[in-house]
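The next block holds one structure in the form of structure tokens; read it before the comments.
Readers should treat all values here as calculations from the given coordinates under stated rules, not as data from a laboratory. Since the model is a prediction, treat every value here as computed from it, not as a measurement. Heads up, the Cβs are rebuilt from the backbone with ideal geometry, glycines too, and the neighbour counts pull from every protein chain shown.
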Amino acid sequence: MRGTMTKLTHLTRGRVFPILALVLIMGCAPQPSFHGFVPSEAALAEVEVGRDTRDTVAEKLGRPGAAGLMEGAGWYYVQSDWVRRGWSAPVEIDRQVVAISFDSADRVSNIERFGIDDGQVVALSRRVTDTGPTGGSLLRRLFGNLGRFAPGLIDGG
């Protein structure tokens, strides 16, 4: 009986370790992911500067996922390609941005394409909302005001 168990254990180890090693190696393989949409060069060639409007661009390319914040601002089509290796954080390997600008008559005035190398870090405004009174909790402030009253308020005078 003991000899049979030993053979079975060796057979199991002989199969489990290679399978386990294969699973671990596959887990370290790069895992790409793609986010967003950028129109192809052929689709962009259909858009005519000075002739097409926002509506015709929307028909030809679709509406973008991002637009400028100001009234009449441009449209931005953004696509990012990421890769994750094993358990590490994802790394952006490519980014494409197509910016379509419009003039005051809502006609296309410019079409630009930017890559990941053209990107710049933008310092955002750090406006912080005031958190209100400081110096203790709400209960401490409520109970701290007990006994603090103006005598003139009691008799209405």
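In percent, how large is the relative contact order of the range 30-118, given Cα pairs closer than 8 Å and 6 or more residues apart?
31 percent
With the dipole of the range 30-118 worked out from charges on the C-beta (+1 for Lys and Arg, -1 for Asp and Glu) around the Cα centre, which of 115, 78, 91 lies farthest toward the positive end?
Of 115, 78, 91, it is 91.
At 0.36 nm per residue, minus the direct Cα-Cα distance, what do residue 42 and residue 79 gain on full extension? Give it in nm, one decimal, please.
Using 0.36 nm per residue and subtracting the Cα-Cα distance, I get 11.6 nm.
For the range 76-100 and the range 38-55, what is the separation of their C-alpha centers, rounded to whole Å?
23 Å
How many nm is it between the label spots at residue 105 and residue 34, if each spot is 7 Å from the Cα in line with the beta carbon?
3.7 nm
Would you calculate the separation in nanometres between label points at residue 23 and residue 87, each defined as 7 Å from the Cα along the Cα-to-beta-carbon direction?
1.5 nm
About its Cα centre, how strong a charge dipole does the range 30-118 have in debye, to the nearest 20, once Lys and Arg get +1 and Asp and Glu get -1 at the Cβ?
The calculated dipole for the range 30-118 is roughly 340 debye.
Scaled to the compact-protein estimate 2.2 N^0.38 Å, what is the alpha-carbon radius of gyration of the range 30-118, rounded to two decimal places?
Output field value: 1.25.
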